[in-house]
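Shown next, in C-alpha cells, is the structure this report addresses.
All of the numbers you see were taken from the coordinates with simple rules; none came from a lab. Given the structure is predicted, the values throughout are model-derived calculations rather than measurements. Note that we place each Cβ from the backbone using ideal geometry, even for glycine, and neighbour counts take in every protein chain shown.
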Amino acid sequence: MGYTELISRLEALPRAKQAEVFEFVEFLSARCGTSTGKPLGHADWSDTEFSELSMSQAMRGMEQDTAIYTREDLQERW
C-alpha cells in the first residue's frame with residue numbers, strides 16, 4: 001500500500017475513527033520517544049517499520065483464533 005492509498009483510506013474513515021488513528025500514532029510516537037508535536041511525514045517511516053505496524057494492526061485480536069487452513073490445503077507454494 002502506497003502513501004496515497006493510505007491517506008485515501010484514512011480520509012474515507014468516519015471522523016471518530018480518524019481521531020482514533022491519530023491517537024494511536026501519537027501513542028506510538030510517545031512510546032518510541034519521537035513525539036515532536038508535529039505530524040509525521042512519510043519519510044519518518046521505513047518500509048519495514050510500516051509493514052510491521054500494518055501487519056500487527058491487521059492481525060490484532062486474531063492471535064487466539066484457530067487456523068482454518070493447513071499447509072496441505074495450499075495449491076501453490078512459493
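Points to keep in mind about this one:
- One chain, two ends: Glu26 and Glu52. Fully extended at 0.36 nm per residue, the span grows by 7.7 nm beyond their Cα-Cα distance.
- Based on DSSP H segments of at least four residues, each scored -39500 (n - 2.57), the chain has a per-residue ellipticity at 222 nm of -17000 deg cm²/dmol.
- Once exposed loop GluC sites (Glu not before Pro) are cut out (DSSP; at most 15 other Cβ, 10 Å), longest piece of the chain: 1-62
- For the chain, size of Cβ-based charge dipole, Lys and Arg +1, Asp and Glu -1, in debye: 260
- When the charge dipole of the chain is built from unit charges on Cβ atoms (+1 for Lys and Arg, -1 for Asp and Glu) and taken about the Cα centre, the candidate among Gly2, Ser29, Tyr69 whose Cα reaches farthest toward its positive end is Ser29.
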